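Peer 1: Quick one: the structure is below, and I'll ask about it shortly.
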Amino acid sequence: MSTLPLPAQYLTADIPGIGGTIKARPEDFLVDEIPAYDPVGEGEHFYMLVQKRNLSTLDLLAILAKHFGVDRQCVGYAGLKDKAAITRQVISIHSPGRKLDETRSLTDDRIQILWTDYHTNKLRRGHLVGNRFSVRIRGVKPTDVLAANRVMLRLQKEGVPNALGEQRFGMLRNNHIVGRHLVRGDFESAVRELLGPNAEYPHLNEAGRAFFAAGAFGEALHAFPRTAHAERAVLRAVAKGANAKRAFFAIEPTLLRFYVSAFQSAVFNRVLDARLRSSALGVLEAGDIAIKHDNQSVFDVTGDVLADPGTATRLRTFEISPSGPMWAGGMKTAGGGSGELELASLTAEGVTREQLEAFSERNRSLIAGERRALRVPLIDPETEGGVDEFGAYVRCAFELPKGSFATIVLREIMKVEAAVAEEEAPTDEAKDTER
């Protein structure tokens, strides 16, 4: 059974949640990407600001590649955006000699091209500052805006817990479990978790999973949708007689990295939850590893650092924050009590340090360790209560740095799981680079 590994503790636990739902309509969830740079007006890459509605980023990329007659690898993007939403993001097309007016022939009601220009390089994952969100929460009273505003002000002051959101864990909420089995080298369990019936979500790909459980691998392959790239890759292999390990490594490496990253995310969220419970999200302790928000560089927190009067100022202004592990072999780990917490969180997710080190040594292309800030700033928050033709709402608008999840802010406001997010399903294009 899958368990969604989000922090159980709220930073704003003393403020009652307003409940409600999100994503009742795409217009209720607006996302504007904040680019890291502007196109320079010349070059072989064709940049465009694209607005999409009720469409995943990966589907958008496929449509644009087909329209412009280029290979998918010629299409660049800075980050994945929600499907059940209206989002704006920059896309690049490598096609020397492309004319700007060729976008006029694109006819898809879900897509609008807002501007076009030229640039000298492909847009790559991480080439953004962050995202601006405007979200209407439905099923609430307009006066609930008062509680929402209290939460937003608290998060602005203390920071947003930088949890990895539910999107990271997949439609079945079990990507981290698949990743755990992979790291442990238990490929039979990894295949069963990926393809077998799921007690929590029994109706998702129910027929295909039932066929797999019955050993009818060919029938299962036909029953799974074509978008289930990982599942179909494994099924094709087992149908040809491959053992579990060979079958699992039939999955594209970028997809395998996705599952490993989900496992790392579950460990990080455990560390974050413990820091929230001890009210240590925005404080540094001896043995911590602090991270600088501007460039993601890290440094050890020593007695001298704690004694420096400037440290408190740097924390208060979000110049620095404590960090947690996106754990891999060779990663810089904390010391003291923080180090003990990180190790305990790893073993609580079912993997020993020795197993992780061995996996990292054997599979360096599948796992990368890094330190991730335990909190991020909430920038320019706004709240509004009102009523429109679809009923009452509370609107919350805010900016987050890249790699952070709006649903974590909404969890703090609503105190319920903010509607199941429409996930960018892991495909062989799900991850060009780390954030």
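Peer 1: Looking at GLU231, GLU219, GLU188, which is the one that is touching a helix residue (DSSP H, G or I) at 6+ places or on another chain (Cβ under 7 Å) and under 20 Å from GLU252 (Cβ atoms)?
Peer 2: Result of the check over GLU231, GLU219, GLU188: GLU231.
Peer 1: Out of the range 376-390, which residues are part of a loop (DSSP other than H, G, I, E, B) and touching a residue at least 24 places away in the same chain (Cβ under 8 Å)?
Peer 2: Hits for the range 376-390 are PRO377, LEU378, PHE390.
Peer 1: Here is a list of conditions, (1) touching a residue at least 60 places away in the same chain (Cβ under 8 Å); (2) exposed (fewer than 15 other Cβ atoms within 10 Å of the Cβ), and GLU354 meets all of them except one; can you say which number that is?
Peer 2: The single condition GLU354 does not satisfy is (1).
To keep it simple, each residue is scored yes or no on (1) at pLDDT 95 or above; (2) more than 30 Å from ALA358 (Cβ to Cβ); (3) of a type outside the set (Asp, Glu).
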{"residue": "GLU193", "(1), (2), (3)": "yes, no, no"}
{"residue": "GLU206", "(1), (2), (3)": "yes, yes, no"}
{"residue": "ALA213", "(1), (2), (3)": "yes, yes, yes"}
{"residue": "GLU219", "(1), (2), (3)": "yes, yes, no"}
{"residue": "ALA223", "(1), (2), (3)": "yes, yes, yes"}
{"residue": "ARG232", "(1), (2), (3)": "yes, no, yes"}
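Peer 1: Given the criteria among the small types (Gly, Ala, Ser), out of contact with any His (no Cβ under 8 Å at 6 or more places or on another chain) and surrounded by 21 or more Cβ atoms within 10 Å (Cβ to Cβ), does ALA373 qualify?
Peer 2: On the way: among the small types (Gly, Ala, Ser): yes; out of contact with any His (no Cβ under 8 Å at 6 or more places or on another chain): no; surrounded by 21 or more Cβ atoms within 10 Å (Cβ to Cβ): yes.
No, not satisfied.
Peer 1: In the range 326-361, how many are of a type in the set (Ser, Thr, Tyr) and assigned to a loop (DSSP other than H, G, I, E, B)?
Peer 2: Matching residues across the range 326-361 total 2.
Peer 1: Give, as residue ranges, the helices (runs of 4 or more DSSP H) completely inside the range 185-280 that count at least 1 residues that are without any contact (Cβ under 8 Å) to a residue 12 or more places away in the chain and of a type in the set (S, T, N, Q).
Peer 2: 187-195
Peer 1: I'd like the residue in the range 281-325 that is charged (D, E, K, R) and outside any strand (DSSP E or B) and, out of all such residues, is surrounded by the most Cβ atoms within 10 Å (Cβ to Cβ).
Peer 2: Top of the filtered list is ASP288.
Peer 1: Another question about this same structure. Could you please tell me which pairs satisfy a Cβ distance under 7 Å, a separation of 6+ or placement on different chains, a first residue in the range 56-77 that is in the same structural domain as ILE111 (by TED's automatic domain parsing), and a second residue that is of a type in the set (S, T, N, Q) and assigned to a helix (DSSP H, G or I)?
Peer 2: Cβ pairs passing all conditions: TYR77/THR57.
Peer 1: Still on this structure, please answer the following. Which members of the range 1-22 meet the condition of being surrounded by 21 or more Cβ atoms within 10 Å (Cβ to Cβ) and within 30 Å of LEU49 (Cβ to Cβ)?
Peer 2: Taking the range 1-22 as the starting set, the residues that turn out to be surrounded by 21 or more Cβ atoms within 10 Å (Cβ to Cβ) are 5-7, 11, 18, 20, 22.
Selection gives ILE22 alone.
The values are calculated or read from the model by the stated rules, or taken from the named source; none is laboratory data. Predicted model only: the values in this text are computed from it and were never measured. Every residue, glycine among them, receives a Cβ derived from its backbone with ideal geometry; neighbour counts consider all protein chains shown.
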